[in-house]
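Input: a single structure, listed below in structure tokens.
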Amino acid sequence: MKRILISTLFSALAFSSFAQSNFYKFSVGAGAGITQSFADLKKHDFGLAGYATLDYLFTPYLSLGLELQKGEINGGDVNAAPDDRQFINGYQAVSVNGKISLGQFIDFDYNSLSGKLRGLYFGSGLGIIQNKMTGIRRVNVKDPDHPYPGEDSSNDVYFPLNLGINFFFPDREGFYRYTLNINCQSNITLGEGLDGYDNSSLTHKSGTPDIYNFYTIGFKYSFGKLGLYKKTFRRF
């Protein structure tokens, strides 16, 4: 009897310090948001875009996935810009992204503030963006005989930088199957295609890469084979 009590007490103490849980190894997601351009035009305008994702989860807080985007990136203003330039880029993009969350590093209690913030993450990746100008003004009002150089379509390499947070919701069996995602993605492109103007051939080069941000909200659904994750946490 004494041995049973000691074993039970030891098990209870061990469970209070260590937890293991099952998690789904795949997730699909979709959402929408607002793009904001930071290109060579002075006005950084906004556009609408959507996205879809497919992720493989090594742990609940470490993933590698594929992301597709489609929408518009806008900039400039023919009525306000000093050079009368303006563009609308009906773009498509695909990238591979790795993300790691705070829950991978910290001990937490699910009901505490640390538990709510365990889904805070950062990440980066590599992708290809297809630029297609659906509206652009290249007329040089100062020199109409020499319009601004550029291309109506092009492909550029870009580097996405992600900062966001996941809020997890369990299904009927208690597994975290549903996720609300809020993300800010800053995309650094290599090339001159984002705004449709080839500033490398102009005398007033900006000297900075073209960038666009993508502010989104979306939902993820987890599925597939279950993995086992061990994590130390404290109970308060």
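Here are the numbers for this structure:
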quantity: Proximal aspartates and glutamates relative to K230, as straight alpha-carbon distance under 13 Å, when same-chain residues fewer than 8 apart are discounted; calculated: D107
quantity: Estimated distance in nm for a label pair at L64 and V141, the labels positioned 7 Å out from Cα along Cα-to-Cβ; calculated: 5.1 nm
quantity: Violating pairs (Cα-Cα greater than 25 angstrom) within the set K43/K132; K70/K116; K70/K225; K132/K220; K70/K99; K70/K142; calculated: K70/K116; K70/K225; K132/K220; K70/K142
quantity: Separation in nanometres of the label points that stand 7 Å from Cα toward Cβ, at L120 and D77; calculated: 3.6 nm
quantity: Cα→Cβ-extended label distance, 7 Å offset, between V157 and K42, nm; calculated: 3.4 nm
quantity: Kirkwood Rh, angstrom, segment 19-230 [1 / mean 1/r, Cα pairs]; calculated: 18.7 Å
quantity: Near-label residues of segment 146-166 by backbone N, under 12 Å of a point 7 Å along Cα→Cβ of C184; calculated: 162-165
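A short reminder: the numbers here are calculations on the coordinates, not readings from a lab. From a predicted model like this one, the values you see are computed outputs, not experimental measurements. Glycine also receives a Cβ, built like all others from the backbone with ideal geometry; neighbour counts cover every protein chain displayed.
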